[in-house]
Amino acid sequence: MNRRNFLKSLSLLPLLSVHFQKSSVFPFQIYILSSFPEEFIPHILKEAFNRGLITEKSFFFSDYHPAKNEISFELYKNGWIESPNNIKISFQQLKQSTIPSFTLIWKNKIIDPRKGKLFSIWKRMKEREERTFWLTIISQGNSSFLSKGKFVKISISGNEIENLPLYSEVRKSYFCSKGKITVIVKKGKVWVEESSCKNKICVKTSPVSYAGERIICAPNRFLLEIKGNSGVDTSIG
């Protein structure tokens, strides 16, 4: 994998939180763009386990996943057990298809997939399909994190701009380094309606509503994150 293709694959993912936060509630995260996550999740998690990034082989699904049975079966075969702690698996349906890829994050640092066995997994994923609508998110946590959000925090270039009540109706545009992003808040959910970025993964991402969920536009260095606490004051920066 050359550097151009590697960076291109990263730009296609709605993440790169390392640019926006010094810490995260989930130190371990994997973002997988594939319609066949059951074929890759066990191998990626095995590599993470071998590297010491995770220490327990237990998982749970935080919500509906169309490949839940297949993923569970493959993880069971590899010695994993289902438990409401440790590794959380969630799913988002993208509004438009995009190129298959994955990114592994440990303590806000992106693990380079060009090294070790991750590279062969990355290559197989590219060969398996050309486009996908599926985003599978894996993170460390437990079921206590699964709570409805109260506010959505907006940050640009690492600077917090404001907090909007999640249970309000708002349509607002923000001017970023690469142009403009328009966000809609309605009925306890938030999503990106328009963006000036090229690939528009942020626009394709489904609405978010649970505390800790995020939508990120890497080219614009834009982050929206659902917050669960109710004592947040609105601040304009």
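The values are calculated or read from the model by the stated rules, or taken from the named source; none is laboratory data. All figures in this text were calculated on a predicted structure; none of them were measured in a lab. Counting neighbours? That spans all protein chains shown, and the Cβs are built from the backbone with ideal geometry, glycine included.
When residues in region 172-231 are screened for being free of Cβ contacts under 8 Å to residues at least 40 places away in the same chain and of a type in the set (Asp, Glu), 2 of them pass.
I'm trying to understand the selection: among the residues of region 111-122, which are touching a helix residue (DSSP H, G or I) at 6+ places or on another chain (Cβ under 9 Å) and either hydrophobic (A, V, I, L, M, F, W, C) or buried (at least 19 other Cβ atoms within 10 Å of the Cβ) (or both)? Within region 111-122, ILE111, PRO113, LEU118, ILE121, TRP122 qualify. All conditions but one from (1) within 22 Å of THR132 (Cα to Cα); (2) modelled with pLDDT of 90 or more; (3) in contact with a Gly (Cβ under 7 Å, 6 or more places away or on another chain); (4) not small (Gly, Ala, Ser) apply to GLU47; the one that does not is (1). Selection within region 72-110: residues that are free of Cβ contacts under 8 Å to residues at least 40 places away in the same chain and buried (at least 20 other Cβ atoms within 10 Å of the Cβ). The member of this set that is farthest from ILE201 (Cα to Cα) is TRP80. Restricting the search to region 85-108, which residues are over 14 Å from the mean Cα position of the chain (by Cα), in a strand (DSSP E or B) and not β-branched (Val, Ile, Thr)? If the condition is that a residue be over 14 Å from the mean Cα position of the chain (by Cα), in a strand (DSSP E or B) and not β-branched (Val, Ile, Thr), then LYS95, GLN96, SER97 are the ones that fit. Report whether or not LYS123 is closer than 24 Å to ILE216 by Cα and either assigned to a strand (DSSP E or B) or in the same structural domain as LEU33 (by TED's automatic domain parsing) (or both). Here the answer is no, as LYS123 does not meet what is asked.
Matching residues to (1) more than 15 Å from the chain's Cα centre (by Cα); (2) more than 30 Å from SER58 (Cβ to Cβ); (3) of a type in the set (Lys, Arg); (4) in the same structural domain as LEU45 (by TED's automatic domain parsing):
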| site | (1), (2), (3), (4) |
| --- | --- |
| GLU162 | yes, yes, no, no |
| TYR167 | yes, yes, no, no |
| VAL170 | yes, yes, no, no |
| ILE181 | yes, yes, no, no |
| LYS186 | yes, yes, yes, no |
| PRO207 | no, no, no, no |
| TYR210 | no, no, no, no |
